[in-house]
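Everything on this sheet refers to the single structure shown next.
The values are calculated or read from the model by the stated rules, or taken from the named source; none is laboratory data. Just so it is clear, the model here is predicted, and its values are computed rather than measured. Every residue, glycine as well, gets a Cβ built from its backbone with ideal geometry; the counts of neighbours run over all protein chains shown. Remember, those area values only see protein heavy atoms, side chains included, never the ligands or the DNA or RNA. Shrake-Rupley method; radii C 1.70, N 1.55, O 1.52, S 1.80 Å.
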Amino acid sequence: MNPLHSTDGLVTFGLRDRWYPLCPSGHVRPGELVRIERAGEQLLLWRDAAGVVHVQEDRCPHRAARLSQGVHMGDRVACNYHGVQVDAEGTVVSVPGSPGCALEGRRVLRTFPAEEHAGAVFAWFGLDESAPPAPLEVPEPIAGGEWSQFLCYVEWDAPYLYSLDNLLDPMHGAFLHRNSHTMFAGKREAVFQIRATDNGFVFEKTDQRGVNFDWVELTHGGADWVTLDIPYPDTAGPGGPFTIVAGLCAISANRHAGFFWRCRKVSGWERDSWRFLYRNRLAARHYAVLEQDREMAEAMPADAWDRENLYQHDIALVRMRRLLKAEAAKQAARLAEPATAAPVPVA
Amino acid sequence: MPSSYENAFGDELEAIYGRGVHDLPGVVAALNSSGVRPAGGEDWTESSFTAELARLSGTEK
Ligand code: FES
Ligand SMILES: [Fe+2]
């Protein structure tokens, strides 16, 4: 059975009817065929002659050879096994070994709607692949405008769910990151509350804000985002705290891609100053903090969720997991409904 | 790799900011009482300082 058709599989690899960030834009270079695995799918990424990125299944519609081993032909990809050519819409445009055969003109390669934003490639993974995608709505700090941002991309050997847990757990800032440049201050005990929003929730300390990692917001919709902010010390210059917009995508059950946009709402010389200091100083310090998270997440046991004793700081995790599981169960049930359309026979 | 000048400039900026000086005239004055100077050795002005930051930030306008 396709693991993506079960509740557990959807929790492990990511819900459908979602946009996921796949990789930094720079990973897909013009003229190249890039193979990556994301959200339980084996994908081929390439850019056409106009630079537009395409995301398709890395599986030749003829006999399933890897299209990523094929030839980039500008507006189409040719499989290297028997030369079948497929375009960006997933339509077979040529079968050189058997011209005029019924495969020609058929749209048979699974193709995922793709967009680029804030330096990353995103793709839509629909439950029903013939249905149009929801619009990709990106959080304000990475939508451009008054905000300035840098994307930090990582791949960790841990389930994406452990990263999600980590992001929804503000209290670890005061412990794990206590010696960092940003999270040295603030109390080590806190009472948290959850506040529902239109499409997610905010999890926040009731008695401290703007001191450490004090709140986090989960936005759960056409894409899942985690947003939080962390105060900078005076040494980072004018411009207030920095905001992290995070997006996660499973690579496999035990590996995931993490996108951390570090954002600051600054303009003019203050913006230039931050961008200079970020490159010259702050990027390395931010990275060292993230490494602490990585070491923690990668060393977690595979059955971490099976034997926990959660307490009040962990209510956001409970809420998020419940949300995820409920939606995964709903999607799995929809996928279990008998298919209505009969497959088209191959001539 | 950042040049030694960029590192010195970064050090000085962090030190000034760390004292809580975050306004443009204050930062320029503090920079002038430090050892970091533009290539020609002259004093910083608000415009030479902001132009230098724009250059160092690699701001794509
Ligand atoms: S498997 Fe791709 S052309 Fe035959
Ligand atoms: Fe952390």
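Close amide H pairs (under 5 Å, H built 1.01 Å from N) link A:V121 with A:L22, A:C23, A:S25, residues at least 5 positions away or on another chain. Annotation: amide H of A:A39 within the under-5 Å range of A:A250, A:I251, sequence separation 5 or more or interchain, hydrogens built in the peptide plane.
Considering only Cα atoms, the convex hull volume of the protein assembly as shown works out to 164 Å³ per residue. Give the B-A buried accessible area in Å², both sides summed, 1.4 Å probe, nearest 100. Counting protein atoms only, the buried area is about 1600 Å². When the alpha carbon gyration tensor of the range A:133-238 is reduced to an equivalent ellipsoid, the three semi-axes, largest first, read 24, 18, 16 Å. For the range A:152-160, the Karplus equation 6.51 cos²θ - 1.76 cosθ + 1.60, evaluated at θ = phi - 60°, returns couplings of 10, 10, 9, 10, 10, 7, 7, x, 4 Hz by residue, with Gly and Pro reported as x. If you wrap the tightest convex hull around every Cα atom of the range A:64-219 and split its volume per residue, you get 189 Å³. Computed over the range A:54-116, the percent of Cα pairs more than 16 Å apart is 36.
Pair-distance distribution of the range A:182-280: all C-alpha pairs, bin width 5 Å, starting at 0; shares per bin in whole percent are 3, 11, 17, 18, 19, 16, 12, 4, 0. In the full protein context, the protein assembly as shown carries 46 Å² of accessible surface per residue, based on a 1.4 Å probe and ignoring ligands, DNA and RNA. In the range B:1-31, the residues that give up 50 Å² or more of accessible area when the other protein chains are added, compared with the chain on its own (1.4 Å probe), are B:E14, B:Y17, B:H22. Across the alpha-carbon atoms of the range A:231-296, the computed radius of gyration and Dmax are 14.0, 44 angstrom. Note down the Stokes-Einstein diffusion coefficient of the range A:6-108 in µm²/s, whole number, using a Kirkwood radius over alpha carbon pairs, 37 °C, and 0.692 mPa s. It comes out at roughly 227 µm²/s. Diffusion coefficient (Stokes-Einstein, Kirkwood radius over C-alpha pairs, 37 °C, 0.692 mPa s) for chain B: 274 µm²/s, rounded to a whole number. If you take all other residues with their beta carbon under 10 Å from the beta carbon of A:R16, and give Lys and Arg +1 and Asp and Glu -1, the sum is -2.
Bridging of A:K187 to aspartates and glutamates at a Cα separation below 14 Å is possible for A:E204, A:D207, A:D214, once same-chain residues fewer than 8 apart are set aside. Taking the Cβ of A:G222 as the center, what net charge do the other residues with Cβ under 14 Å away carry, scoring Lys and Arg +1 and Asp and Glu -1? That works out to -4.
For the range A:202-255, the spread of Cα coordinates along the three principal axes comes to 40, 26, 22 Å, biggest extent given first. Within the straight-line cut-off of under 14 Å between alpha carbons, the aspartates and glutamates reachable from A:K330 are A:D8, A:D17, A:D128, sequence neighbours fewer than 8 places apart in one chain being disregarded. In order along the range A:103-114, phi translates into HN-Hα couplings of 6, 5, x, 8, 8, 10, 8, 4, 10, 9, x, 10 Hz, rounded to whole numbers, per the Karplus curve 6.51 cos²θ - 1.76 cosθ + 1.60 with θ = phi - 60° and x for Gly and Pro. A cysteine counts as unpartnered when no other cysteine's C-beta lies under 4.7 Å of its own; in chain A this applies to A:C23, A:C101, A:C152, A:C249, A:C263.
Along its first, second and third principal axes, ordered by size, the range A:9-64 spans 36, 30, 16 Å in Cα coordinates.
With a simple spin-label model that places each label point 7 Å from the Cα along the Cα-to-Cβ direction, the separation between A:K330 and A:R255 comes to 3.3 nm. Near B:Y17, once Lys and Arg are set to +1 and Asp and Glu to -1 for all other residues with Cβ below 12 Å from its Cβ, the sum equals -4. Need one word for the range A:239-347: rounded, prolate or oblate. Basis is the Cα gyration tensor (sqrt eigenvalues a ≥ b ≥ c); a/c below 1.5 gives rounded, then a/b vs b/c decides. Prolate, since a/c reaches 1.5 and a/b exceeds b/c.
For chain A, the dipole from Cβ point charges (+1 on Lys and Arg, -1 on Asp and Glu) about the Cα centre works out to 320 debye, to the nearest 20.
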